[in-house]
Amino acid sequence: MIPALLPQALLLLGMAVVIVVAFQRLHIPSSLGYLLVGVLLGSHTAGPVVDAEPLRALAEFGIVFLLFTIGLNFSIPQIHALRRRLPLLGTAQVVLSTAVVTLLAWALGLPVAAAFVVGAVFAQSSTTIISKQLDEQGEANSRHGHLGIAMSVFQDITAVPFLVIIPVLGMADATAGTLISALLVAVAKAALAFVIVFLVGRWLLRPLFYLVAEQRSAEVFTLTVLFVSLIAAWTTSTLGLSMAFGAFLAGMMLGETEFRHQVESTIRPFRDVLLGLFFIGIGMLFDPWALPAIWHWAVGGALVLLVVKTLLVTQIVRWTGTDARTAWRTGLLLAVGGEFGFALVAIALEAGVISDRASQIALTAVLLSMIVAPFLIRYNHTLADLLAPIRAGEGEPPVPSHLDASAVGTMADHVVICGYGRIGQGVARFMEEQEIPYVALDLEPDRVKEAHTAGERVFYGDSAERDVLEAVGLAQARLLVITYHDVPLARRILAHVRSIRQDLPIMVRTRDDRHAAELRDAGATEVVSDQQEASLMIAIHALLLLGVPAATVVQRLREQREGRYFLLGELFRGDNAPASEQEGSSDRLRPVVLMPESPATGQTLGGLGLDGVTVTALVREGRREATPSDDTKLAVDDVLVLYGKPDQLQRAERRLLG
C-alpha cells in the first residue's frame, strides 16, 4: 500500500514546492498555488493523476487544526464582547444569503430543492482563506478581522441544520414534521457538544498541560496538543457536528491558559502542511473540460455570490451601529465562498437533490470566488475607501463607538501609545511619573475596560486606522510609541502617521534587528529591539558585577544607544543560524583572510574604499587589534573582520580578494 502511494506523494510534494515557491516569488497567495496543483494532478486533466481519497482524508485534519489555532486566538473575553452582535450577525447573514440566492436560482429554472442547496452553498464563507490571508497581512487582530473571522466560524455552527435538511429533501416522503424533528435533534446535539467540550476543557486542560510541561519533553507536549485537538474534534463529530467546531472550542479553552503560544507554535507545522493538502483537494474537484459549456453560468454565479454576500453582510453589520468602512471591509472578507459548501454539494448529490450539471456550476462558481477572494481581502482597505469615502459634513462617527473622541480632543503635547500590553503599560507608568499626558489604544476589550475603570486614558481602537489616530489627537501629539512586535501592522501605522505628520517622533518596538532598517525607511525615528536591549542590560550588569566603574558603564551604555547598538549588532550569523537570523538585510560580521594573490596586500586600510563596510578588527599572527587605524598596511594572512549588510559585504570581499 505504502510503496504504491509513495510515487504519488513524491509527485504531489514536488509539484507543490515548485508552484508555491513560484507563486510566492510573484507575490501571489500560496493558496492559489495549491489550487493549481490540485487542478493539474486531478482526474479531469491530462497527465499524472494522484488518488484523491487519501488526500481528502488527510486534508480534513488541516481544517481541524486551523480552527484549533483560530480558537487559541479567539479568547472567551473576545467572544463575550461580541455576544450581542455575533448570533444576530451570523444567523442573519446565513439566512438572508440563502434566501436571496435560492429565489434567484429558482427564478432561473432550478427546482426548489436544488435552488435551496445552491443558496446554502453560496451562504458559506471560507474561514481557511479569510484567516490565512488576514494573518499574512497582519490584520487578524483588527476590528474587521475579528468580526469577519467570528462570523465565518459562527457559520460553521449555523450550517449544521443544512446537514440535516438536505438529506431529508431527497426523501420521497419528506414532510414538514420530518424536517422539524430532525432539526430539534440537531440543536440538542449541538448544545450537548458545546457543554461537553466547554466544561471538560475548562476544568481539565490546564492541569493536564501543567503535568506535561513538568516533563520538559517537546515530544510529549506535541503528542498532547495533537491528542487534545483531535479528541475534541472526535467528540463533536460523534454527535453529528463538524470536527472543526470541536477543535475550535478546544483551542478557545487553551487560549485562556499560559500555554497558548507554545501550543500554537507546536501545531503550526501540521496545520500549514495539511491546509495545503486541503486546497489541493479542492483543486481536484474542478473539471476544466466542463468549463466551456458552463463558464457563463459559473462566472455569473461567482459574481452573484460575491456581490450579494458583500452587500448583505455590509448592511447587516451597519444595522449594529458599526461604521461604514468597517462594515464594508467585513463584507469584502465574507464575500468568498466556503469549503463547507463543497461538503453540502457532495451530500446533495448523494441524496439526489441536485443534478450533476447544477452541482458543477455551483462548485465552479465557489471555486472562482475563492480564487478572487485573496485579492479582495488583500485590498479590502482600498476598496472600502472607494465604497465608503468620508465626505465633509457626514454625521458618521470616524472612530469605533468604544473610543470617546471628546475625551482626548483637548489634549496637546501628549504621547500616543499604540498597544497597551506589558510594554505599553510600562511606558505609560513612566509618562505618568513624569506628568507627561498620554493616551493609549488597544483592541483587548477586558484590558481596556479594566484600565478605563482605573482612570487611565486607554481606549478601544485599532491603531492601524487613520481615523482612530486622528481622533486621539495625533496632530497635537508630542510622540508616538508603537509597542506591537507585528511588523506589517507597524508599517501601516507608520504610513498613516507620516501622511498626517512628517515631524512627529515615532518609536517602534521589534523582537530583533532584522526589520530595523525597513521600519526606519518607513518613517520610524527610533527602533528599539527586545533582543538587543536584553543583550545590553545583561552586558551592563555583567560589567558592574565585575567591578567596572559605574561612570564607565554608563558611558558605554550611552555610546551603544547613540550608535544604534553598533557593538551588539556585530554578529556572526553562521550558515546554520536560525532562519530568523539569516533572512532580511540586517548587518552582520564576516572575517576575510587575505591570500597571497589578494590585491589588497600592501595597501592601507584607508585606501581600500570599502563603501558602507566597517573594519571592526584586524587579526595578525594570532593577535587581534580592535578598530585598526586607516594607515595600517595590510599583509598576507591578515584577517579583516568586516561589518555591514550582506550585499555590501559581498562587494567588499570581492574587492579584497580580487
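The values are calculated or read from the model by the stated rules, or taken from the named source; none is laboratory data. Everything numeric here is computed off the predicted structure, so don't read it as measured data. Here the Cβ is made from the backbone with ideal geometry for all residues, glycine too, and neighbour counts use every protein chain on show. Please note that ligands, DNA and RNA were not included when accessible areas were found on the heavy atoms of the full protein model with its side chains. Shrake-Rupley method; radii C 1.70, N 1.55, O 1.52, S 1.80 Å.
What Kirkwood hydrodynamic radius do you get for region 237-335 when you take the inverse of the mean 1/r over all pairs of distinct Cα atoms, in Å?
Hydrodynamic radius (Kirkwood, Cα pairs) of region 237-335 is 17.5 Å.
Rounded, prolate or oblate, given the Cα gyration tensor of region 589-634, with a/c below 1.5 counting as rounded?
It is rounded, given that a/c, with a ≥ b ≥ c, falls under 1.5.
Can you tell me the length gained on complete extension of the stretch Glu214 to Asp503, counting 0.36 nm per residue apart and subtracting the Cα distance?
Full-extension gain reported as 98.9 nm.
Under 5 Å between amide hydrogens, which residues at least 5 positions from Ala617 or on another chain qualify, with H placed 1.01 Å from N in the peptide plane?
Thr627, Val641
Taking R0 as 41 Å, what FRET efficiency do you get between Met595 and Ala517 from their Cβ-Cβ distance, rounded to the nearest 0.05?
0.80
Once the Cβ-Cβ distance between Thr525 and Leu387 is put in as r, and R0 is 35 Å, what FRET efficiency do you end up with, to the nearest 0.05?
0.50
Using a 1.4 Å probe, how large is the accessible area of His496, given in Å² and rounded to the nearest 10?
Rounded to the nearest 10, the figure is 30 Å².
Per residue of region 497-505, in order, report the coupling 6.51 cos²θ - 1.76 cosθ + 1.60 (Karplus, θ = phi - 60°) as ³J(HN,Hα) in whole Hz, putting x for Gly and Pro.
After applying 6.51 cos²θ - 1.76 cosθ + 1.60, I find 5, 5, 6, 9, 9, 7, 9, 6, x Hz.
Over the heavy atoms of Trp106, what accessible area does a 1.4 Å probe trace out, to the nearest 10 Å²?
For Trp106, solvent-accessible area is about 140 Å².
Assuming R0 = 45 Å, what is the FRET efficiency of Val307 and Leu192, from their Cβ-Cβ distance, to the nearest 0.05?
In this case the efficiency is close to 0.70.
At a 10 angstrom cut-off on C-beta neighbours, averaged per residue, how do the peptides 379-388, 111-120 rank from highest to lowest?
By packing density, highest mean first, the sequence is 111-120, 379-388.
With a probe of 1.4 Å, find how much accessible area region 594-658 has per residue, and write the answer as a whole number in Å².
Accessible area per residue, region 594-658: 57 Å².
Quick one: accessible area per residue over region 213-294, 1.4 Å probe, rounded to a whole number of Å²?
That works out to 44 Å² per residue.
With a 1.4 Å probe and every protein chain kept in, tell me what percent of the accessible surface of region 219-319 is carbon plus sulfur.
With neighbouring chains kept in place, the figure for region 219-319 is 72 percent.
In whole angstrom, how far apart do the alpha carbon centroids of region 315-382 and region 417-433 sit?
What the calculation gives is 41 Å, centre to centre.
Sorted by packing (mean other beta-carbon atoms within 10 Å per residue), highest first, where do 93-101, 346-354, 433-441 land?
Most protected by this proxy first, the peptides run 93-101, 346-354, 433-441.
Quickly work out the Leu657-to-Ile538 label distance, labels modelled 7 Å from Cα along the C-beta direction, and quote it in nm with one decimal.
Between Ile538 and Leu657, the label points sit 3.1 nm apart.
Stretched out fully, how many nm does the piece from Arg624 to Ala351 gain, at 0.36 nm a residue minus the Cα gap?
In short, 90.2 nm is gained.
At 0.36 nm per residue, minus the direct Cα-Cα distance, what do Ala551 and Ser181 gain on full extension? Give it in nm, one decimal, please.
Here the answer is 125.0 nm.
Roughly how many Å is it from the Cα centre of region 204-234 to that of region 610-654, as a whole number?
Distance between centres, Cα-based: 51 Å.
As a test question: what accessible area, to the nearest 10 Å², does Glu465 have when a 1.4 Å probe is rolled over all protein chains in place?
Per-residue accessible area (Glu465): approximately 20 Å².
Under the rule of at least 5 residues apart or a separate chain, name every residue whose amide H is placed under 5 Å from the amide H of Gln603.
Leu634
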